[in-house]
Amino acid sequence: MKVKGRNVLLTVMTLCLSLLFLFTIQPSHSITTTTAYAADNSLQRVKARGKIVMATSPDYPPYEFQVSKNGKSEVVGMDVDIMKQVAKDLGVKLVVKSMSFSNVLVAVETGKADVAMSGINPTPERRQSVDFSEIYYNGGQSFLINKTDAGKYTSKASLAHKIIGAQTGTLQYNLAKSKIPGAQVKGMDKNTDLVLALKTHKIDALGIETPSAEAYVKNDPDLKMIKSGYSLNKNDTGSAMALKKGSGTLVAAINKSITKIKAKGLPNQYLAQAGKYMKVNTHNTSMFHYWTYFAKGIEYTLLISAISVIFGVLLGTILALMRFSKSKIFHAISIAYVEFVRGTPLMVQVMFVYFGIGIVVNLPALLSGIIAVSLNSGAYVEEIIRGGINSVDKGQTEASASLGLAKTDTMRFVVLPQALKNIWPALGNEFVSLVKESSIVSIIGVTDLIYQLNIVRADTYRGVMPVFVAMIIYFVMTFILTRVLNYFEGRMKHAK
Amino acid sequence: MPNKPLVEVKKLKKNYGDTEVLKEIDGTVMPGQVICVIGPSGSGKSTFLRCLNMLEKPTSGQVLFEGKDTQKFSEEELTTLRERMGMVFQSFNLFPNLTVLENLKLAPIRVKKMSDKDAEEKALGLLKRVGLDEKANVYPDSLSGGQAQRVAIARALAMDPEMLLFDEPTSALDPEMVGEVLAVMKELAEDGMTMVVVTHEMGFAKEVANDVWFMADGYILEKNTPNEMFDHPKNPRTKDFISKIIGNV
Ligand SMILES: Nc1ncnc2c1ncn2[C@@H]1O[C@H](COP(=O)(O)OP(=O)(O)OP(=O)(O)O)[C@@H](O)[C@H]1O
Ligand SMILES: [Mg+2]
């Protein structure tokens with residue numbers, strides 16, 4: 001009997017897993033098939049929609065970065081200005097979508113954005129997965145070093161066997177790996193973190209595009225820029241826009257626009273403009289100056305956590321009831337779900353919901369984040385509720401049954417109310433931990449506290465202070481929440 | 001008194017895994033009868049009661065309710081069986097999340113589909129009957145043991161059962177509260193309620209019971225009138241047990 005139940009469970013689990021795999025593999029097929037069958041209508045689609053969506057990682061001044069304009073945070077920079085011009089030429093509006101750099105190409109591949117523009121170098125590897133426009137700017141490669149090391153590091157050769165930092169997944173990263181003998185390359189997702197690593201001597205030099213390097217040097221007297229000295233094919237090092245494979249018509253239209261823009265010498269004009277933004281921006285780097293950013297972040301973090309905990313409780317209850325159901329299938333699905341969700345990182349789940357499910361229905365980042373965190377929380381809440389149900393004395397169920405009450409009524413009127421009361425503290429803890437864990441949604445560009453923190457860091461060129469402020473904010477939030485929950489818990493114990 | 005049995009138990013057997021708890025139980029309960037069941041701890045008295053209202057499924061044998069095999073009951077018939085055969089537990093098992101009144105109203109409303117007003121009227125009447133009408137709106141955990149058990153009896157009565165099962169209704173009570181519960185039970189018996197009562201309250205058994213059944217080792221070893229059972233037990237095991245409980249009292 002027991003063994004048989006196990007087998008059913010295993011079968012269902014394998015089934016669920018293989019379904020998931022199929023689901024994840026499916027998209028790439030469907031993309032190729034749609035491009036094979038349907039004629040390229042990328043340009044038509046953008047024009048029909050009246051807007052073009054650009055994915056970017058706004059932590060790369062002067063290409064793209066965040067500033068506050070009249071108290072509102074906005075993505076600016078050369079890339080944005082160029083894209084604005086392109087949009088104008090196409091006769092559509094520009095929508096900028098922020099996310100981490102490692103996600104911008106995925107966003108294009110999965111249709112979350114029409115164009116990825118984030119100082120991207122059109123390397124041969126990348127050309128295999130996306131189409132590129134013509135190069136719109138060629139900034140060249142440099143290194144940032146600490147001014148104190150100016151005598152030690154003067155060229156690429158002097159960096160041999162040193163620790164070189166670079167953004168993960170960038171040309172700089174690959175160049176440092178392949179062209180500097182014996183170099184140990186350290187990859188991070190954000191240039192702001194890399195600059196901090198440089199200043200704290202965790203790395204010796206930072207491989208970075210020249211315009212960015214110049215921006216940092218201008219804003220930080222402790223840094224110095226040296227030329228990279230790489231001999232490079234110009235075609236592989238300039239910046240280009242990435243588009244989904246098979247967007248020939250859109251690429252052609254964009255290229256036309258780029259040619260015009262370059263002919264007018266606009267990129268350099270835009271760079272100068274970006275520099276001005278940065279000057280205004282670095283004028284006041286006090287954390288108080290950025291309180292609206294942090295406030296917005298708190299608002300989103302609390303919003304995501306609160307909504308997710310509500311849906312998590314709903315889902316968790318359903319899963320727990322399935323677990324207790326007589327149906328072997330329901331029982332097994334519930335176990336499989338909980339095991340699977342608990343066995344995979346929230347970060348991967350967030351990305352899966354945003355990019356994976358996003359292929360079928362285009363979900364906005366905030367909604368994706370809430371869905372992913374809710375789905376994740378449901379699995380944990382299921383365990384809490386199951387514990388709560390088990391904690392209700394068996395005599396209660398028997399008394400209820402002896403009165404002729406149906407199983408569902410027994411659950412609804414007798415067991416669940418008592419279970420929920422028992423698990424109130426555990427649910428409160430789940431809420432508090434969601435406040436902390438939901439921080440992961442910043443990777444898909446949800447403007448929660450972590451996201452805002454990164455903006456402030458990129459914005460102020462201050463690595464540590466914003467982190468410290470965010471840490472204090474998180475602590476104050478969880479501390480207050482815990483007190484409030486304790487208060488209600490006490491009240492629930494007295495009154496009923 | 002009509003002489004068709006209300007409940008008949010035939011060769012009832014109940015195992016939990018490898019443990020044979022009930023080996024072979026036979027017995028008949030006539031309408032209006034009060035049967036007391038006595039026996040050492042672990043002899044299967046609770047299990048026997050729970051097989052009567054199908055809280056436990058018998059391993060083999062039959063429990064007939066009005067001549068019908070309860071094991072073949074549909075979900076609906078099972079609900080009807082439990083409506084007609086109430087149960088009172090040693091540990092009361094009142095629902096702590098509901099007030100006394102709500103405890104009484106829940107089953108009539110959900111099972112009998114009674115209106116809220118009717119259920120409330122009925123509940124208040126029953127609370128009055130067990131002398132607890134002023135406790136209608138309190139939560140169970142503010143009741144004393146004796147009060148809680150009287151509420152539990154009222155809750156069972158709210159379904160208008162023809163028969164009540166009591167599983168050691170007074171053994172979790174402080175001695176000074178036993179009397180108030182037994183008084184309620186006595187009244188019920190006088191009103192003609194059919195009852196199967198697991199109890200070692202000899203006084204109650206002698207005064208109220210028609211028959212006393214002695215259970216041990218998974219069998220009913222002796223069935224007798226209360227006076228015979230307590231004063232002149234036949235089976236040596238019964239003798240031994242009776243002398244022990246008399247010694248204790
Ligand atoms: N659900 C169960 N699973 C396994 N064994 C059980 C279960 N319920 C009861 N038993 C066993 O069956 C035997 C009889 O239990 P039961 O509760 O019917 O005895 P009892 O006569 O009511 O005893 P007491 O006077 O202690 O209440 C005991 O040995 C008990 O351990
Ligand atoms: Mg018992």
Quiz item: In region B:139-168, what count of residues is obtained for those that are in contact with a helix residue (DSSP H, G or I) (Cβ under 6 Å, 6 or more places away or on another chain), part of a loop (DSSP other than H, G, I, E, B) and either in contact (Cβ under 8 Å) with a residue 60 or more places away in the chain or over 20 Å from residue A:404 (Cα atoms) (or both)?
Solution: 3
Quiz item: Cβ-Cβ below 6 Å, separation at least six or inter-chain, first residue in region B:80-102 and more than 8 Å from chain A (Cβ to nearest Cβ), second open to solvent by 20 Å² or more (accessible area, probe 1.4 Å) and charged (D, E, K, R): which pairs?
Solution: B:84/B:162; B:90/B:168; B:100/B:135
Quiz prompt | Condition met for residue B:189 (part of a helix (DSSP H, G or I), within 16 Å of ligand 1 (Cβ to nearest atom) and within 30 Å of residue B:129 (Cα to Cα)) | solution = no
Exercise. Restrict the check to region A:184-204 and report whether at least one residue is buried (at least 18 other Cβ atoms within 10 Å of the Cβ), part of a strand (DSSP E or B) and in contact (Cβ under 8 Å) with a residue 60 or more places away in the chain.
Key: no
Exercise. Quick one: residue A:351 ticks every box in (1) of a type outside the set (Ser, Thr, Tyr); (2) touching a helix residue (DSSP H, G or I) at 6+ places or on another chain (Cβ under 6 Å); (3) more than 27 Å from residue A:485 (Cα to Cα) except a single one, so which number is it?
Key: (2)
Exercise. State whether one or more residues within region A:411-424 are surrounded by fewer than 23 Cβ atoms within 10 Å (Cβ to Cβ), over 25 Å from residue A:480 (Cβ atoms) and of a type in the set (D, E, K, R).
Key: yes
Quiz item: Pairs, please: C-beta under 9 Å, at least 6 apart or cross-chain, first residue more than 18 Å from residue A:251 (Cβ to Cβ) and without any contact (Cβ under 8 Å) to a residue 60 or more places away in the chain and in region A:95-113, second part of a helix (DSSP H, G or I) and of a type in the set (Val, Ile, Thr)?
Solution: A:96/A:80
Quiz item: Out of curiosity, is residue A:437 more than 11 Å from chain B (Cβ to nearest Cβ), open to solvent by 30 Å² or more (accessible area, probe 1.4 Å), over 28 Å from residue A:363 (Cβ atoms) and among the acidic types (Asp, Glu)?
Solution: no
Quiz item: Restricting the search to region B:163-174, which residues are modelled with pLDDT of 95 or more and surrounded by fewer than 18 Cβ atoms within 10 Å (Cβ to Cβ)?
Solution: none
Quiz item: Only one residue in B:207, B:201 is within 16 Å of ligand 1 (Cβ to nearest atom) and either without any contact (Cβ under 8 Å) to a residue 12 or more places away in the chain or open to solvent by 40 Å² or more (accessible area, probe 1.4 Å) (or both). Which one?
Solution: B:201
Exercise. Go over the candidates B:195, B:177 one by one and state the one that is more than 14 Å from chain A (Cβ to nearest Cβ), surrounded by fewer than 22 Cβ atoms within 10 Å (Cβ to Cβ) and away from ligand 2 (no atom under 16 Å from the Cβ).
Key: B:177
Self-check item: Single match in A:68, A:118 (criterion: surrounded by 19 or more Cβ atoms within 10 Å (Cβ to Cβ) and either under 24 Å from the mean Cα position of the chain (by Cα) or at pLDDT 90 or above (or both))
Solution: A:118
Quiz prompt | Any chance residue A:400 is at pLDDT 95 or above and assigned to a helix (DSSP H, G or I) | solution = yes
Self-check item: Given (1) in contact with a Ser or Thr (Cβ under 6 Å, 6 or more places away or on another chain); (2) open to solvent by 50 Å² or more (accessible area, probe 1.4 Å), index of the condition residue A:141 fails
Solution: (2)
Quiz prompt | residue B:37 being under 12 Å from the mean Cα position of the chain (by Cα), under 17 Å from residue B:14 (Cβ atoms) and modelled with pLDDT of 95 or more | solution = yes
Exercise. Scan region A:414-464 for residues that are outside any helix (DSSP H, G or I) and of a type outside the set (D, E, K, R) and report the count.
Key: 6
Quiz prompt | Options B:12, B:49, B:22: the member that is touching a residue at least 60 places away in the same chain (Cβ under 8 Å), in contact with a helix residue (DSSP H, G or I) (Cβ under 9 Å, 6 or more places away or on another chain), within 13 Å of ligand 1 (Cβ to nearest atom) and open to solvent by less than 10 Å² (accessible area, probe 1.4 Å) | solution = B:22
Self-check item: Unmet requirement for residue A:345, which otherwise passes all of (1) open to solvent by 60 Å² or more (accessible area, probe 1.4 Å); (2) within 14 Å of chain B (Cβ to nearest Cβ); (3) not charged (D, E, K, R)
Solution: (2)
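Residues are listed down the side, and each one gets a yes or a no for (1) near ligand 1 (Cβ under 10 Å from one of its atoms); (2) in contact with a helix residue (DSSP H, G or I) (Cβ under 7 Å, 6 or more places away or on another chain); (3) open to solvent by 30 Å² or more (accessible area, probe 1.4 Å):
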site: B:35; (1), (2), (3): no, no, no
site: B:39; (1), (2), (3): yes, yes, no
site: B:53; (1), (2), (3): no, yes, no
site: B:60; (1), (2), (3): no, no, yes
site: B:63; (1), (2), (3): no, yes, no
site: B:77; (1), (2), (3): no, no, yes
site: B:80; (1), (2), (3): no, no, yes
Quiz item: In region A:100-110, is there at least one residue being in contact with a helix residue (DSSP H, G or I) (Cβ under 6 Å, 6 or more places away or on another chain), within 21 Å of residue A:258 (Cα to Cα) and modelled with pLDDT of 90 or more?
Solution: no
Quiz item: Of all residues in region A:367-418, how many are within 14 Å of chain B (Cβ to nearest Cβ) and in contact (Cβ under 8 Å) with a residue 24 or more places away in the chain?
Solution: 8
Quiz item: Name the residues in region A:121-138 that are open to solvent by 10 Å² or more (accessible area, probe 1.4 Å) and either aliphatic (A, V, I, L, M) or on the phi > 0 side of the Ramachandran plot (or both), would you?
Solution: A:135
Quiz item: From B:41, B:46, which residue is more than 22 Å from residue B:192 (Cβ to Cβ) and within 14 Å of chain A (Cβ to nearest Cβ)?
Solution: B:46
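The values are calculated or read from the model by the stated rules, or taken from the named source; none is laboratory data. Bear in mind the structure is a predicted one, so any value in this text is a computation, not a measurement. A quick note on method: Cβ atoms are made from the backbone with ideal geometry, for glycine too, and the neighbour counts reach across all protein chains shown. With ligands, DNA and RNA removed, areas are computed over all heavy atoms of the protein, side chains included. Shrake-Rupley method; radii C 1.70, N 1.55, O 1.52, S 1.80 Å.
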